[in-house]
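Presented below is the structure to which this report refers.
The values are calculated or read from the model by the stated rules, or taken from the named source; none is laboratory data. Fair warning: this is a prediction, and the values are worked out from it, not measured in the lab. No Cβ is skipped: glycine too gets one built from the backbone with ideal geometry, and neighbour counts run over all protein chains shown. SASA here: full protein model, heavy atoms, side chains in, ligands and nucleic acids out. Shrake-Rupley method; radii C 1.70, N 1.55, O 1.52, S 1.80 Å.
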Amino acid sequence: MFNQAIVRVGIRYGVLCGLVSFALVAILYFIGYNPFGDIGRLTYVPIPVFIFLAIRYFKQYNDTELSLGKGLRVGLSVAFYNALSAAMLVFLFIYMVGSEILLAHVAEMKALLEETREEQIEIIGEESFSNVYNALDSLTPSMQAADFFLWRLIMGSLFSLVAAVFYRK
């Protein structure tokens, strides 16, 4: 069932969270780190904060008897709009900055794969390892933005479930 209040709260908090996440990506890049590598996990920090704030706001002003389902829908709405806005901004950022950001990311990922080569081959096999290693050369801005979108949506969904359980009646 479509609920405009859920969508409005989701857009408000999700887009704000996406802007904060993108600002963290830009800050990490401009201070010299790879925002898509391990240090880029810092950009996930705003997600639970904004999801909890959105569900709290919704419970306080729209539905004081918040059920688990509605809380989950609010959280998923925030997660979706966060992932969408952050991925679009990252896509534009990669095009504006240029391909050196992706080249640096590919180089870091290849170095990481080389460091853990034996363990990776043991787990996934030689052929899969070589496929993954060679696929890094074909990384495009749209693929990176899609990956950014997908992982933000997954993390947001997990935090939405936790927040919905926390704020249910």
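Here are a few things to note about the model shown:
- The chain - percent relative contact order, Cα under 8 Å, separation 6 or more: 37
- Between ASP147 and ARG168, the contour length at 0.36 nm per residue exceeds the Cα-Cα span by 4.4 nm.
- Degrees between helix 68-97 axis and first principal axis of the chain (Cα, 0 to 90, nearest 10): 40
- Where LEU28, LEU153 fall by accessible area, highest first, once all protein chains stay in place (1.4 Å): LEU153, LEU28
- SER157-ILE124 pseudo-label distance in nm [points 7 Å out on the Cα-to-Cβ vector]: 2.0
- Estimated distance in nm for a label pair at THR140 and ARG8, the labels positioned 7 Å out from Cα along Cα-to-Cβ: 4.0
- Net charge dipole size for the chain [Lys, Arg +1 and Asp, Glu -1 on Cβ; Debye, nearest 20]: 1460
- Environment charge of PHE36, counting only residues whose C-beta is closer than 14 Å and scoring Lys/Arg +1, Asp/Glu -1: -1
- Local electrostatic count at TYR61 - Lys and Arg +1, Asp and Glu -1, tallied over other residues with Cβ under 15 Å: +3
- 0 to 90° range, to nearest 10: angle between helix 100-115 axis and the chain longest Cα axis: 70
- Anisotropy class of segment 54-169 from Cα gyration tensor, a/c 1.5 cut: oblate
- The chain - accessible surface per residue (Å², probe 1.4 Å): 57
- Shape of segment 117-169, Cα gyration tensor, a/c cut at 1.5: oblate
- Once the chain from SER67 to VAL97 is taken as fully extended at 0.36 nm per residue, the excess over their C-alpha distance is 6.4 nm.
- To put it simply, the accessible area of segment 1-150 at a 1.4 Å probe is 65 percent carbon and sulfur.
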